[in-house]
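Undergrad: Got a structure for you, questions after.
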Amino acid sequence: MDILDSRPSTRTVLLGVVAVLAVAIGPFAWFSGLGFLAAWDTLIRIFGPIALGLGLPVAVAAAGLLWEKPIATILGVLALLGGLGYFIVGHSYLVDHRYTAGTTTTEETASFADRAPWTVANAFAQRDQGDVVGDRDEVHYVPAAADAQAADGEGTSRYTALVKGRAFLGMAGYEAVQTLGMPTTGPIPGDASSYCEVPEHMDAKLATFWPTHSLSWAIHAKAPLAHYSGGDAYAYCAGDEPVIVVPLWRWDGFWFATKVPNGAAVYTSDGLRVLSPGQLEDEGIQGPTYPRSLAERQREAINGGGTLADYWGKRYGYDTTSKDDEDTNADNTSEFTVVTATGEMQYVTPLTPRGSSQSLTATAVIPARQTEPARATVEINTSTDLPATSTLMTNIKESSVQGDNAWTTRWASGMTVYEILPAQDGHWAASIGQGQAVSYRADIAPDGTVTVTNSDTGQSSTGDAPADAVTVSGGKPLAEMTEAELLEQIEHATTELQRREGGG
């Protein structure tokens, strides 16, 4: 038999390649919940350009060798080297550059309502699960309508968490939706935590082994090419009815594939529905329906807005505060869900310049709700000019101690700063507390002035500081002050002592 006749046919080779890929990607598709077609969609979008860009030059070079065409071989090798250089150096930059289309920059002062710190809400949720049996996911900030009116520290912040039911190999859905009405300041009330139970017939959930109990399989039965990130999913209680929302996205383009919002899967006692962005708005689905993972990808792509040299030299764009080893926002550094003064929901990320600088010089703002099947515009607000979050924490401590020596004991007993976020009229706000309670707030003015206020009544300081507030100039140690500045501080302290004596 001729040796050539014993070689496998092209069709056999292709079928073998498909079989190998199917075996490799099958378990991934099963367990991740992407769905088989969605997994192939991702594979083609990500590796398709590489296969074409490198596979064709290899084919040309191989053909040149087979048919003894040196020119073809040389051209194939050169094309292969060029393709390798392109994918190593330029492809990721061009993809990021596409994400940055439409990015705007502004210096206008922004205003955001106060919110309870995520760290406190997450810790409280773990310790107040009551008699609900299950495994709780991390909490999500799902602002209610009242949160938009939580100016000056009033009102509550609604956090929610899904509690997964326990069963053999995950053969159960969600047990309940936990709702936390967290005060922005002050003690947590006894009825802060409540639940709405998930009906028994709602027996599907994300990330489970069994298809019959898989919310992922149900989503892809209705939208085969839908994609999602499990961390974007959240829930809330519409009265006593649970509403589980899974924001979706899709791929757009081939050579420069990018993610685009694609509605959301909404799971209720009436079943699963895949709604478009317009339907989400029309039906009043609450919460951050814009995929947080997509907002994070867009924010990271800001660094590709300059030239290719800037991209690889890391001279353009911003970093998050995570490079600060003492970052007060270490538990949650980016894409904070906040509510504007006009009630709009947005993702806000404090930003620092590229390099070693840890100063707060900008914030990235992205709408947190889907309104159309297109990527939301990223806005870079450069009105901020503050030191690092760790420096602000030091200034807060110094300010409090200088105004009231009792703060020395408070800090020593474990009092800490939880979050530093943009607040009203260009100011920033810090939550101060211990354990699961936020008892104090610090207002940070645009010029760095820090005001620490006792908030036992749930009130935080804005504008003129109340009588029990402590205000000093931040960002400057006493050793660096001029004599005039020191005399001014002494005058303020003397005035305060006289006020206390008069009050006594």
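Undergrad: Just to be sure before I move on: is W30 modelled with pLDDT under 90, over 30 Å from V338 (Cα atoms), surrounded by 16 or more Cβ atoms within 10 Å (Cβ to Cβ) and of a type outside the set (D, E) in the structure I sent?
TA: Yes.
Undergrad: So, in the range 301-325, of the ones that are open to solvent by 40 Å² or more (accessible area, probe 1.4 Å) and polar (S, T, N, Q), which residue ends up farthest from V89 (Cα to Cα)?
TA: Ranking the qualifying residues of the range 301-325, first place goes to S322.
Undergrad: Restricting to the range 34-73, name every residue that is open to solvent by 50 Å² or more (accessible area, probe 1.4 Å) and outside any helix (DSSP H, G or I).
TA: W67, E68, K69
Undergrad: Separate question: Pick from T352, T337: which is more than 16 Å from the chain's Cα centre (by Cα), over 16 Å from G426 (Cβ atoms) and open to solvent by less than 20 Å² (accessible area, probe 1.4 Å)?
TA: Among T352, T337, only T352 is more than 16 Å from the chain's Cα centre (by Cα), over 16 Å from G426 (Cβ atoms) and open to solvent by less than 20 Å² (accessible area, probe 1.4 Å).
Undergrad: Would you mind stating whether T457 is at pLDDT 80 or above, under 22 Å from M182 (Cα atoms) and of a type in the set (S, T, Y)?
TA: no
Undergrad: So, of the residues in the range 217-242 that are of a type in the set (A, V, I, L, M) and buried (at least 22 other Cβ atoms within 10 Å of the Cβ), which turns out to be farthest from the chain's Cα centre (by Cα)?
TA: The qualifying residue farthest from the chain's Cα centre (by Cα) is I219.
Undergrad: Are any residues in the range 275-293 over 18 Å from the mean Cα position of the chain (by Cα) and either of a type in the set (G, A, S) or open to solvent by 50 Å² or more (accessible area, probe 1.4 Å) (or both), and if so, which ones?
TA: If the condition is that a residue be over 18 Å from the mean Cα position of the chain (by Cα) and either of a type in the set (G, A, S) or open to solvent by 50 Å² or more (accessible area, probe 1.4 Å) (or both), then S276, G278, Q279, E281, D282, E283, G284 are the ones that fit.
Undergrad: For residues that are within 18 Å of the chain's Cα centre (by Cα) and among the polar types (S, T, N, Q), scanning just the range 295-325, find the one that is modelled with the highest pLDDT.
TA: Q298
Undergrad: Right, V401: without any contact (Cβ under 8 Å) to a residue 40 or more places away in the chain and either β-branched (V, I, T) or farther than 21 Å from T109 by Cα (or both) or not?
TA: For V401, the condition - without any contact (Cβ under 8 Å) to a residue 40 or more places away in the chain and either β-branched (V, I, T) or farther than 21 Å from T109 by Cα (or both) - is met.
Undergrad: Oh, and also: If I ask for residues that are part of a loop (DSSP other than H, G, I, E, B) and open to solvent by less than 20 Å² (accessible area, probe 1.4 Å), which ones from the range 158-171 would you list?
TA: Answer for the range 158-171, where residues must be part of a loop (DSSP other than H, G, I, E, B) and open to solvent by less than 20 Å² (accessible area, probe 1.4 Å): just G165.
Undergrad: Still on this structure: Does I396 satisfy being buried (at least 18 other Cβ atoms within 10 Å of the Cβ) and either more than 20 Å from the chain's Cα centre (by Cα) or part of a helix (DSSP H, G or I) (or both)?
TA: Criteria met by I396.
Undergrad: Filter the range 247-272 down to residues that are free of Cβ contacts under 8 Å to residues at least 24 places away in the same chain and in a strand (DSSP E or B) and give me whichever is least open to solvent (accessible area, probe 1.4 Å).
TA: Only one residue tops the list, namely V266.
Undergrad: Going through L65, L54 one at a time, which residue ends up being modelled with pLDDT of 85 or more and out of contact with any Leu (no Cβ under 6 Å at 6 or more places or on another chain)?
TA: L54
Undergrad: Now a separate question. Working carefully through the options T208, T179, find the one that is among the hydroxyl-bearing types (S, T, Y), closer than 17 Å to V243 by Cβ and surrounded by 19 or more Cβ atoms within 10 Å (Cβ to Cβ).
TA: Going through T208, T179 in turn, just one is among the hydroxyl-bearing types (S, T, Y), closer than 17 Å to V243 by Cβ and surrounded by 19 or more Cβ atoms within 10 Å (Cβ to Cβ): T179.
Undergrad: What are the pairs, 6+ residues apart or on separate chains, where a residue within the range 97-124 that is of a type in the set (G, A, S) and in a loop (DSSP other than H, G, I, E, B) has its Cβ under 7 Å from a residue that is open to solvent by 60 Å² or more (accessible area, probe 1.4 Å) and at pLDDT 90 or above?
TA: What qualifies is G102/T377.
Undergrad: Checking T389 against (1) surrounded by 18 or more Cβ atoms within 10 Å (Cβ to Cβ); (2) touching a strand residue (DSSP E or B) at 6+ places or on another chain (Cβ under 8 Å); (3) farther than 14 Å from T328 by Cα, which test does it fail?
TA: (3)
Here's the yes/no breakdown for (1) of a type in the set (D, E, K, R); (2) farther than 24 Å from K323 by Cα; (3) touching a Cys at 6+ places or on another chain (Cβ under 7 Å):
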{"position": "V365", "(1), (2), (3)": "no, no, no"}
{"position": "R369", "(1), (2), (3)": "yes, yes, no"}
{"position": "A374", "(1), (2), (3)": "no, yes, no"}
{"position": "I380", "(1), (2), (3)": "no, no, no"}
{"position": "T416", "(1), (2), (3)": "no, no, no"}
{"position": "A430", "(1), (2), (3)": "no, no, no"}
{"position": "Q434", "(1), (2), (3)": "no, yes, no"}
{"position": "S439", "(1), (2), (3)": "no, yes, no"}
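Undergrad: Still on this structure, I have one more. Anything in the range 194-235 that is assigned to a loop (DSSP other than H, G, I, E, B), in contact with a Phe, Trp or Tyr (Cβ under 9 Å, 6 or more places away or on another chain) and under 17 Å from P261 (Cα atoms)? List them, or say none.
TA: P224, L225, A226, Y228, S229 - these are the residues of the range 194-235 that are assigned to a loop (DSSP other than H, G, I, E, B), in contact with a Phe, Trp or Tyr (Cβ under 9 Å, 6 or more places away or on another chain) and under 17 Å from P261 (Cα atoms).
Undergrad: Oh, and also: Here is a list of conditions, (1) at pLDDT below 85; (2) of a type in the set (A, V, I, L, M); (3) crowded, with 23+ Cβ neighbours inside 10 Å; (4) part of a helix (DSSP H, G or I), and V401 meets all of them except one; can you say which number that is?
TA: All conditions are met except number (3).
Undergrad: Does T328 meet the test of being closer than 21 Å to I366 by Cα, surrounded by 15 or more Cβ atoms within 10 Å (Cβ to Cβ) and within 19 Å of the chain's Cα centre (by Cα)?
TA: Considered against the rule, which asks whether it is closer than 21 Å to I366 by Cα, surrounded by 15 or more Cβ atoms within 10 Å (Cβ to Cβ) and within 19 Å of the chain's Cα centre (by Cα), T328 comes out as no.
Undergrad: While we're here: Working only within the range 405-424, note down all residues that are open to solvent by 20 Å² or more (accessible area, probe 1.4 Å) and part of a helix (DSSP H, G or I).
TA: Residues satisfying the conditions are A406, T408, T409, R410, W411, A412, Q424.
The values are calculated or read from the model by the stated rules, or taken from the named source; none is laboratory data. In this text, all values refer to a predicted model and were calculated from it rather than measured experimentally. Every residue, glycine among them, receives a Cβ derived from its backbone with ideal geometry; neighbour counts consider all protein chains shown. Remember, those area values only see protein heavy atoms, side chains included, never the ligands or the DNA or RNA. Shrake-Rupley method; radii C 1.70, N 1.55, O 1.52, S 1.80 Å.
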